[in-house]
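Below is the structure I would like to discuss, written out as structure tokens.
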Amino acid sequence: MRAATADLFATPFVAGLDYRDAVLTEAEEDALITRIDRAELSPFKFHQWKGKRLTQSYGWSYDFESGRFTPAEPMPDWLLPFRAKAARFAGLNPAAFVQALLIRYDPGAGIGWHKDRPVFEHVVGISLGSEATLRLRRRCAIGFDRVGVPLAPRSIYHLSGEVRHDWEHSIAPLDHSRWSVTFRSLSDKGRTLAERNDRSRV
Ligand SMILES: O=C(O)CCC(=O)C(=O)O
Ligand SMILES: [Fe+2]
């Protein structure tokens, strides 16, 4: 397995990680930020704890409080061109991305170490507003391998395979607001749960 090393100017190599900047124009970025701000965002909740980041899910939502995976509002039309862009970047069919998550991180908000839920497979994120570092870590014999991936505003990243399944990621709180849109496909487990859900509704 190749060691992951951070380089100040290049995107570090970690298997399954893909990154590209300048995938949106500034006008597209402004329009998308306006849409996110107008959406019904609510604070991420986990038991008693209320996160500072504000989120809204479409398609499917994973409730961290109940552990339930449930259908959510359909993706709005204005998101579809961005889903198409995300799918083109990932080399997948846009229809595979059945979930979208909008996030606004105001100053002081971040996201702690985690792997995305196993109901999801591919994860593609679009970054808006200000630069952030996607921090990656993976347990190794002497602690953690660590890598920092700079995410420019208007950039996109794809997590699949090793980086998606073996590494955790997080984003440290920033001094400026940042917005992100994440598109996710379902894993086999997610598809099984989705089918069960459909059956229980007929
Ligand atoms: O804001 C981002 O780019 C990351 C979001 C994230 O990791 C998540 O929602 O699981
Ligand atoms: Fe994540």
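The values are calculated or read from the model by the stated rules, or taken from the named source; none is laboratory data. On a predicted model such as this, the values are computed, not experimentally measured, just so you know. Glycine also receives a Cβ, built like all others from the backbone with ideal geometry; neighbour counts cover every protein chain displayed.
Just name the residue that is nearest to the chain's Cα centre (by Cα) out of those in the stretch 151-168 that are within 12 Å of ligand 1 (Cβ to nearest atom) and hydroxyl-bearing (S, T, Y).
Applying the filter and picking the extreme gives Y157.
Kindly establish whether K45 is farther than 15 Å from V124 by Cα, in contact (Cβ under 8 Å) with a residue 12 or more places away in the chain and either more than 14 Å from ligand 1 (Cβ to nearest atom) or not aromatic (F, W, Y) (or both).
So K45 passes the test.
When both residues are 6+ apart or on different chains and their Cβ atoms are under 8 Å apart, which pairs have a first residue that lies in the stretch 180-199 and is more than 30 Å from E131 (Cβ to Cβ), and a second that is modelled with pLDDT under 95 and among the hydroxyl-bearing types (S, T, Y)?
Close Cβ pairs (under 8 Å, with a partner that is modelled with pLDDT under 95 and among the hydroxyl-bearing types (S, T, Y)) amount to N197/T70.
Determine the pairs where a residue that is within 12 Å of V149 (Cβ to Cβ) and touching a residue at least 24 places away in the same chain (Cβ under 8 Å), located within the stretch 12-38, has a partner that is surrounded by fewer than 13 Cβ atoms within 10 Å (Cβ to Cβ) and of a type in the set (S, T, Y) with Cβ atoms under 8 Å apart, the partner being 6 or more residues away or on another chain.
These pairs meet every condition: P12/T5.
Find the residue count for the stretch 61-87, including only residues that are within 12 Å of F183 (Cα to Cα) and of a type in the set (D, E, K, R).
2
Can you pull out the residues in the stretch 182-202 that are in contact with a Phe, Trp or Tyr (Cβ under 6 Å, 6 or more places away or on another chain) and assigned to a strand (DSSP E or B)?
Scanning the stretch 182-202 gives F183, R184, S185.
Please state which of the following conditions A95 fails to meet, knowing it meets all the rest: (1) small (G, A, S); (2) within 10 Å of ligand 1 (Cβ to nearest atom); (3) free of Cβ contacts under 8 Å to residues at least 40 places away in the same chain.
All conditions are met except number (2).
Could you identify the single residue in R199, R117, R137 that is surrounded by fewer than 22 Cβ atoms within 10 Å (Cβ to Cβ) and more than 14 Å from ligand 2 (Cβ to nearest atom)? Spell out how you get there, then give the answer.
Numbers: R117 fails: more than 14 Å from ligand 2 (Cβ to nearest atom); R137 fails: more than 14 Å from ligand 2 (Cβ to nearest atom).
Sole residue among the options that is surrounded by fewer than 22 Cβ atoms within 10 Å (Cβ to Cβ) and more than 14 Å from ligand 2 (Cβ to nearest atom): R199.
For the stretch 112-150: of the residues being closer than 20 Å to D63 by Cα and of a type in the set (D, E), which is nearest to the chain's Cα centre (by Cα)?
The selected residue is D116.
Condition check ((1) at pLDDT 95 or above; (2) among the β-branched types (V, I, T); (3) closer than 22 Å to P43 by Cα) across all residues:
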| site | (1), (2), (3) |
| --- | --- |
| F97 | yes, no, no |
| G125 | yes, no, yes |
| R139 | yes, no, no |
| G148 | yes, no, no |
| A152 | yes, no, no |
| I156 | yes, yes, no |
